[in-house]
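Chemist: Could you have a look at this structure, given as structure tokens, before my questions?
The values are calculated or read from the model by the stated rules, or taken from the named source; none is laboratory data. Keep in mind it's a predicted model, so treat the numbers as computed, not measured. When we count neighbours, we look across all protein chains shown, and the Cβ atoms used for this are built from the backbone with ideal geometry, even at glycine. The protein model used for the area step is the full one, side chains on, heavy atoms only, and it has no ligands, DNA or RNA in it. Shrake-Rupley method; radii C 1.70, N 1.55, O 1.52, S 1.80 Å.
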Amino acid sequence: MEARASTAAAAPSTPVQWKQQLAAERQQLKDDFLVGPSPGELLRRLRGVVDRRLREVWKAFAMPRDIALLAVGGYGRGELSPYSDVDLLILLPRPPDEKLERQLERLIGALWDMGIEVGHSVRTVEDCLQMAEQDITVQTTFLESRLLAGSRALFSRFVEATTSALDPQAFLQAKLLEQQQRHARSQETNLEPNIKESAGGLRDLQTVLWIGRAAGIGKNWAELAQRQLITANEAREIQRHERFLQTLRIRLHYIAGRREDRLLFDHQSALAAQFGLRDTPHRLASEQLMQRYYRAAKAVMQLNTIVLQNLTALIAPQQDRTFRPFNERFGMRGELLEASTEDLYERHPAAMLETFVLLQQHHELKGISAETLRALWRGRRLIDQKFRRDPRNRALFMQILTSNSRVTRELKRMNQYGVLGRYLRAFGRIVGQMQHDLYHVYTVDEHILKVVRNLRRFAVPELAHEFPLCSRLMSDFARPEVLYLAGLFHDIAKGRGGDHSTLGAVDAARFAKAHDISKEDSELIAWLVSNHLVMSATAQKQDISDPAVVRAFADRMQSERRLAALYLLTVADIRGTSPKVWNAWKAKLLEDLYHLTQRLLAGNGVNLDSSVQSRQQEAQAKLRLYALPESAHEKLWAQLDTAYFLRHDPQEIAWHTRILYYRVDTKRPIVKARISPAGEGLQVLVYVPDQKELFARICSFFESISYDIHEAKVYTTRHGYALDTFQVQDPDNTHPRYRDIMSYIEYELGERLLHRTPLPALPSPRLSRQLRHFPISPEVNIQPDDKGAYQVLSVIAGDRPGLLSRIARVLTTYDVNLHTAKVNTLGARAEDVFLISGPVLYDTRRVVRLEAELVEQLRT
């Protein structure tokens, strides 16, 4: 009692003293946590510190005795993270008068002054009831209220009123809908999840407890276990994952120095270090930490599903609970699949795969019952080498893959419940594995399943409008499970070290042999996995207008079936990396390469001369549509050589001719823009007497209006004119109405070229968060092309504003001529290829200096 009285006597009495005392106590708690982390203890002690300060302030301000100060929300629950808001409800018996309003304003101001970030509301009981009726979030906040100071009678009236007004069934349905919407919102933040809000986060655990509390079933895991909604083992498992997530969130708050619940790239490495993780030759420490997080989140989702089903059965039981058997092992109860006995999987392990076969076959099923899901979760351990070798299990797995419907849905469900990773051990190793390549925005397992989903969508007639060529090829493709297996294995060897395509092909071949897949299909699956990057690299990094490039690609394909399969897998793969990577320009390049190769494989190939002649004839046919004279093309074409006609398609040739035929010798720059034939972005023609720094000047202009250059075809006519064509696009789609900016481009760029405007200073590199924390070391390589006529400059670097300008200026300094540029941006990663020529490229020492200077420019 003496110690307590002494403490009270020494209590601070001014906001400054309160702030100093609060800061000291918080710092002590932080130091204690970092020495011996106990998340539950820290959250409770932080709550206790703030509780004491709030009561002191309330007393110091002599607040009226008939009002009450309540802790609500997470703070009301008794948990307070280091930088979380302190949610308060000031409860009044009647609306406040002016004197009380002023007193409350001073109180709240003092709380902010002393360093407590308050989220507060001032309400009567009647106000609270009205708000709770309209907003489920408010109702949830009130559910976890605690009295801090003031009238206990008023608090009791508040609790009685809000509890009486609460409808457990309506609350259950509202929270289930809220969770479903929250999960949907977090789908596209796979690599930077929110510890609190994302699927499998702390909010999923809190939702269960809210529903249990609202129904009077249980306020914590121990009480839910007593009511047999979860087993004792499940309660311990939930608490283990909860501790991990809480520890992660607390450390994240301390590292960020603010309330931050997102596992941003900025903090992942520092967090990994605090967990004692270190980089290995093949995996970053941050990737190891994030895999641990994803696996914990997957377990939380599983347990959330089980407990919510059990709560639903208690709170809103279905009237018809009749068990309708499908066979001696399974039946349907309500709308859920249920095993006939709890020990089914123990006695018949093969029934685990049969579970997903039945879910495919019976579309009336909406999921798996809690009892069966719990048994499936326990039974996973029985999926061992003996299980995998059992012909019955292999047949069941192939039955899932060859089903006419719900293939992707059941593969996702198998992954969610841990079955897929147990059956395919290689897949199990990449579950939750990060990809810090700056363009994949999903974990490896999520990416793989999205690729399979994309392949399945090609087979749905109702979706044929999305990708008409893919849908047509898929409808004609025999045994499409070959493609699904290639999709499953194409990235399955990520993170092992070595070439993941080669290693994955070995895994795929082994799987195909074990599952009695024909020799022809086995070879195709392994070939697709081994070559799954080839078509993308050819289309985006090589000049597919060159017949030799297409011929080499066709020789690698060997057959039209292989070509179709690789095209389908490539489109599905690129679309599965990120919503932002796929665009109409990539689609056109891949489709053009497919058609060119298909004609060769079908025996309709043409030689160089006939290819040029064919393009000229098609271009002339297009020109006739504009009623131009038959000889209109002659003056311009006389200045063009074979290389021009090979690099441009007939549509481009006709467009150039129509614009330039009557002003071939003009001294004034001509700039013309049109909506790109690819369907997205603009195609811009630049025709001007050749000038120094031309490419750099054009790049600087497009950078000034924040447009990306996807491709540049740079050509110099026989009489010394630059005839260049650029494919450009607004990366953020902030100019969807491209016609509005076409006139600006034509005039402004033309003026810059006419007056040879000095090049602007290079912009300071503004790196994305990803690049700041996961930088890309620039790679520059100059090699002769296959014919020895040109040199191929390959550049890999982190994408940033001014990147092309930097490259162009270095090339200009060394008098290097640029012929084509293919700019391939993959998220924050740039992989650009340039066809170049010039005397300097035959001097080995100067080439080394050129490469070094390019690397230096790309690094700054």
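Chemist: Is the stretch 314-331 home to any residue that is part of a helix (DSSP H, G or I), more than 30 Å from Arg203 (Cα to Cα) and in contact with a Leu (Cβ under 7 Å, 6 or more places away or on another chain)?
Modeler: The answer is no, given that none of the residues of the stretch 314-331 is part of a helix (DSSP H, G or I), more than 30 Å from Arg203 (Cα to Cα) and in contact with a Leu (Cβ under 7 Å, 6 or more places away or on another chain).
To keep it simple, each residue is scored yes or no on (1) of a type in the set (Lys, Arg); (2) modelled with pLDDT of 95 or more; (3) not in a helix (DSSP H, G or I).
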position: Val482; (1), (2), (3): no, yes, no
position: Ala486; (1), (2), (3): no, yes, no
position: Gln540; (1), (2), (3): no, no, no
position: Asp543; (1), (2), (3): no, no, yes
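Chemist: What number goes with the only condition from (1) open to solvent by 60 Å² or more (accessible area, probe 1.4 Å); (2) in contact with a Lys or Arg (Cβ under 8 Å, 6 or more places away or on another chain) that Ser340 does not pass?
Modeler: Among (1) open to solvent by 60 Å² or more (accessible area, probe 1.4 Å); (2) in contact with a Lys or Arg (Cβ under 8 Å, 6 or more places away or on another chain), Ser340 violates only (1).
Chemist: Still on this model: What tally of residues in the stretch 415-463 results from selecting those that are of a type outside the set (Asp, Glu), in a loop (DSSP other than H, G, I, E, B) and under 19 Å from the mean Cα position of the chain (by Cα)? If you could, list the steps in order and put the result at the bottom.
Modeler: Narrowing the stretch 415-463 to residues of a type outside the set (Asp, Glu): 415-436, 438-444, 447-461, 463.
Among the residues that remain, those that are also in a loop (DSSP other than H, G, I, E, B) are: 417-419, 424, 431-436, 438-443, 459-460.
From what's left, under 19 Å from the mean Cα position of the chain (by Cα): 431-436, 438-443.
Summing the residues that are of a type outside the set (Asp, Glu), in a loop (DSSP other than H, G, I, E, B) and under 19 Å from the mean Cα position of the chain (by Cα) in the stretch 415-463 gives 12.
Chemist: Please indicate, with yes or no, whether at least one residue in the stretch 826-843 is open to solvent by 60 Å² or more (accessible area, probe 1.4 Å) and either modelled with pLDDT under 90 or out of contact with any Gly (no Cβ under 9 Å at 6 or more places or on another chain) (or both). Give the derivation first.
Modeler: Going residue by residue through the stretch 826-843, those that are open to solvent by 60 Å² or more (accessible area, probe 1.4 Å) are 839, 842.
Add one more test, that the residue is either modelled with pLDDT under 90 or out of contact with any Gly (no Cβ under 9 Å at 6 or more places or on another chain) (or both), and what stays is 839, 842.
Within the stretch 826-843, one or more residues are open to solvent by 60 Å² or more (accessible area, probe 1.4 Å) and either modelled with pLDDT under 90 or out of contact with any Gly (no Cβ under 9 Å at 6 or more places or on another chain) (or both).
Chemist: Within the stretch 509-542, track down each residue that is surrounded by 21 or more Cβ atoms within 10 Å (Cβ to Cβ) and over 18 Å from Leu568 (Cα atoms).
Modeler: Residues satisfying the conditions are Phe511, Ala512, Ile517, Gln542.
Chemist: Now, a different point. I'm told Glu192 meets every condition in (1) acidic (Asp, Glu); (2) buried (at least 17 other Cβ atoms within 10 Å of the Cβ); (3) part of a helix (DSSP H, G or I) except one. Can you identify the failing condition by its number?
Modeler: (3)
Chemist: Across the stretch 477-508, which residue is surrounded by the most Cβ atoms within 10 Å (Cβ to Cβ) among those that are of a type in the set (Asp, Glu) and touching a residue at least 12 places away in the same chain (Cβ under 8 Å)?
Modeler: Residues of the stretch 477-508 that are of a type in the set (Asp, Glu), as a first pass: 481, 491, 499, 507.
With touching a residue at least 12 places away in the same chain (Cβ under 8 Å) added as a condition, the list becomes 481, 491, 507.
Numbers: Glu481: 17, Asp491: 24, Asp507: 19.
Among residues in the stretch 477-508 that are of a type in the set (Asp, Glu) and touching a residue at least 12 places away in the same chain (Cβ under 8 Å), the one surrounded by the most Cβ atoms within 10 Å (Cβ to Cβ) is Asp491.
Chemist: Of all the residues that make up the stretch 662-707, how many are closer than 15 Å to Leu749 by Cα, within 29 Å of the chain's Cα centre (by Cα) and open to solvent by 30 Å² or more (accessible area, probe 1.4 Å)?
Modeler: Total meeting the criteria: 3.
Chemist: Keeping to the stretch 797-822, report how many residues are under 22 Å from the mean Cα position of the chain (by Cα) and surrounded by 20 or more Cβ atoms within 10 Å (Cβ to Cβ).
Modeler: 3
Chemist: Which residues, taken from the stretch 565-583, are in a helix (DSSP H, G or I) and either closer than 13 Å to Asn531 by Cα or open to solvent by 40 Å² or more (accessible area, probe 1.4 Å) (or both)?
Modeler: Scanning the stretch 565-583 gives Ala565, Leu566, Tyr567, Leu568, Leu569, Thr570, Asp573, Arg575.
Chemist: Quick test for you: out of Arg388, Arg394, Arg374, pick the one residue that is open to solvent by 10 Å² or more (accessible area, probe 1.4 Å), over 24 Å from Ser518 (Cβ atoms) and assigned to a helix (DSSP H, G or I).
Modeler: So the residue among Arg388, Arg394, Arg374 that is open to solvent by 10 Å² or more (accessible area, probe 1.4 Å), over 24 Å from Ser518 (Cβ atoms) and assigned to a helix (DSSP H, G or I) is Arg374.
Chemist: Next question, about the same structure. Conditions first: (1) in contact (Cβ under 8 Å) with a residue 12 or more places away in the chain; (2) under 25 Å from the mean Cα position of the chain (by Cα). Pro325 passes all but one, so which condition is the exception?
Modeler: (2)
Chemist: Looking at Val840, Val847, which one is in contact (Cβ under 8 Å) with a residue 12 or more places away in the chain, touching a Lys or Arg at 6+ places or on another chain (Cβ under 7 Å) and farther than 28 Å from Trp585 by Cα?
Modeler: That would be Val840, the only listed residue that is in contact (Cβ under 8 Å) with a residue 12 or more places away in the chain, touching a Lys or Arg at 6+ places or on another chain (Cβ under 7 Å) and farther than 28 Å from Trp585 by Cα.
Chemist: Next question. Looking at Ile782, is it buried (at least 22 other Cβ atoms within 10 Å of the Cβ) and either out of contact with any Leu (no Cβ under 7 Å at 6 or more places or on another chain) or within 20 Å of Gln542 (Cα to Cα) (or both)?
Modeler: For Ile782, the condition - buried (at least 22 other Cβ atoms within 10 Å of the Cβ) and either out of contact with any Leu (no Cβ under 7 Å at 6 or more places or on another chain) or within 20 Å of Gln542 (Cα to Cα) (or both) - is not met.
Chemist: For the stretch 278-287, does any single residue satisfy the condition of being of a type outside the set (D, E, K, R), out of contact with any Cys (no Cβ under 8 Å at 6 or more places or on another chain), within 30 Å of Tyr254 (Cα to Cα) and without any contact (Cβ under 8 Å) to a residue 24 or more places away in the chain?
Modeler: Looking for residues that are of a type outside the set (D, E, K, R), out of contact with any Cys (no Cβ under 8 Å at 6 or more places or on another chain), within 30 Å of Tyr254 (Cα to Cα) and without any contact (Cβ under 8 Å) to a residue 24 or more places away in the chain, one finds at least one in the stretch 278-287, hence yes.
Chemist: Within the stretch 48-83, track down each residue that is surrounded by fewer than 16 Cβ atoms within 10 Å (Cβ to Cβ), within 40 Å of the chain's Cα centre (by Cα) and on the phi > 0 side of the Ramachandran plot.
Modeler: Within the stretch 48-83, just Gly78 meets the criteria.
Chemist: Within the stretch 164-178, restricting attention to residues that are free of Cβ contacts under 8 Å to residues at least 60 places away in the same chain and under 20 Å from Thr305 (Cα atoms), which residue is most open to solvent (accessible area, probe 1.4 Å)?
Modeler: Checking each candidate, the answer is Leu177.
Chemist: Going by what's in this entry, would Asp113 be described as under 16 Å from Val57 (Cβ atoms) and of a type outside the set (S, T, N, Q)?
Modeler: Considered against the rule, which asks whether it is under 16 Å from Val57 (Cβ atoms) and of a type outside the set (S, T, N, Q), Asp113 comes out as yes.
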